[in-house]
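A quick write-up on the structure given underneath.
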Amino acid sequence: MTQHLLKAEIHCHLEGAAPPALAEAQARKYGVETSHILRDGAYVWSDFAEFIVCYDAVASLFRTADDYALLTKTYLTELAAANTIYSEIIASPDHGERIGLGADAYFAGISDGIHAAREKTGIEARIIITGERHFGPERVVQAAEYAAKAKNPLVTGFNMAGEERMGLVADYARAFDIARDAGFGLTIHAGEICGAFSVSDALDLIKPARIGHGVRSIEDAALVERLAELGTVLEVCPGSNIALKVFPDFDSHPLKRLKEAGVRVCLNSDDPPFFHTSLAREYEIAANEMQLSDAEINAMTRTALEAAFVDEATRAKLLARFDAQA
């Protein structure tokens, strides 16, 4: 059991973290039929296309700032109960606009949920604004511009998620320049659906501190060596990788090999209930399926805190709390 271990997470999509019980309650609130996506307390999908349909249907059940405050507080409270001291939530201004709420109200609700969870449990959290790659470069640029002008102290990072096969990294570089100039930490989804070349492109053109997933770097020994030398952190999500068939099973998952090669890695849950996982389960997978020791798992948690997009005073406080227990 890993309940006793302090935990941290720097890669989780907010709508993808909605617990099925909360989604059911939201469906009742709005009179929405959900039997096609939710059965026996679990989300239902069979391939990536169906996962996206299910994800979007669940996301559509959250419609107001109060709904987003509730979702955020619920997820962070769940994390805190698993002994988590820090979380970064990925959220998209495009989503706020698509649901008719508006980006400002959307992020205000998320921020309210973060404050409420901190007051209740002590958990610290930040927001990573993400551009959605499949909507094209201009929309990703607009997401970066929104982040730069938002002046929300809880927004500390910029990301790009979505369909990795859409366009070239170079097409989106301007968005990352805007975010970098605004002082945000940079991370980008790569090396999940696409191979090692997508990670190399990100390193060449974006120079991010972190890579979302990045696990297919294992296909290129020179890239693995480069990641180790640079100290780039891979936000690894084993349960997600198996659910989406990036790797067939945990025995073939490269987390341990990457770690042994000197790459900085940490554990994350991605879209936890959709993949029948949680951050707590990811720690159990590391311990039981990958045979990592408490000390090795603690080292990954410390990596997450070292790589967190927070001010240095907050980082020092988190690391002091972690080191005192670990």
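The values are calculated or read from the model by the stated rules, or taken from the named source; none is laboratory data. Nothing here was measured: the structure is a model prediction, and the numbers come from that model. Every residue, glycine as well, gets a Cβ built from its backbone with ideal geometry; the counts of neighbours run over all protein chains shown.
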Test: residue in the range 196-210 that is among the charged types (D, E, K, R) and surrounded by fewer than 15 Cβ atoms within 10 Å (Cβ to Cβ): yes
Selected residue (criterion: nearest to Phe135 (Cα to Cα)) from residues of the range 93-108 that are buried (at least 22 other Cβ atoms within 10 Å of the Cβ) and modelled with pLDDT under 95: Pro93
Every residue from the range 143-172 that is surrounded by fewer than 19 Cβ atoms within 10 Å (Cβ to Cβ) and modelled with pLDDT of 80 or more: Glu145, Ala148, Lys149, Ala150, Lys151, Asn152, Pro153, Leu154, Ala170, Asp171
Criterion: in contact (Cβ under 8 Å) with a residue 24 or more places away in the chain and closer than 25 Å to Ala103 by Cβ - qualifying residue of Gly195, Gly136: Gly136
Yes/no for Glu15 being within 30 Å of Cys266 (Cβ to Cβ), touching a Cys at 6+ places or on another chain (Cβ under 8 Å), among the acidic types (Asp, Glu) and surrounded by 13 or more Cβ atoms within 10 Å (Cβ to Cβ): no
Tally of residues being in a helix (DSSP H, G or I) and of a type outside the set (D, E, K, R) across the range 19-44: 8
Any hit, the range 279-298, residues being under 18 Å from Phe322 (Cβ atoms) and aromatic (Phe, Trp, Tyr): yes
Selected residue (criterion: surrounded by the fewest Cβ atoms within 10 Å (Cβ to Cβ)) from residues of the range 24-42 that are among the small types (Gly, Ala, Ser) and farther than 23 Å from Cys237 by Cα: Gly31
Which numbered condition Gly122 misses (of (1) surrounded by 22 or more Cβ atoms within 10 Å (Cβ to Cβ); (2) small (Gly, Ala, Ser); (3) under 29 Å from Leu319 (Cβ atoms)): (1)
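Name the residue, out of Pro272, Pro248, that is under 30 Å from Arg39 (Cβ atoms) and surrounded by fewer than 17 Cβ atoms within 10 Å (Cβ to Cβ).
Pro248
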Any hit, the range 273-293, residues being in a helix (DSSP H, G or I) and among the basic types (Lys, Arg): yes
Condition check for Gly183: surrounded by 21 or more Cβ atoms within 10 Å (Cβ to Cβ) and among the small types (Gly, Ala, Ser): no
Phe309 being modelled with pLDDT of 95 or more, assigned to a loop (DSSP other than H, G, I, E, B) and under 27 Å from Leu71 (Cα atoms): yes
Flag for Val155 being in contact with a Phe, Trp or Tyr (Cβ under 6 Å, 6 or more places away or on another chain) and β-branched (Val, Ile, Thr): no
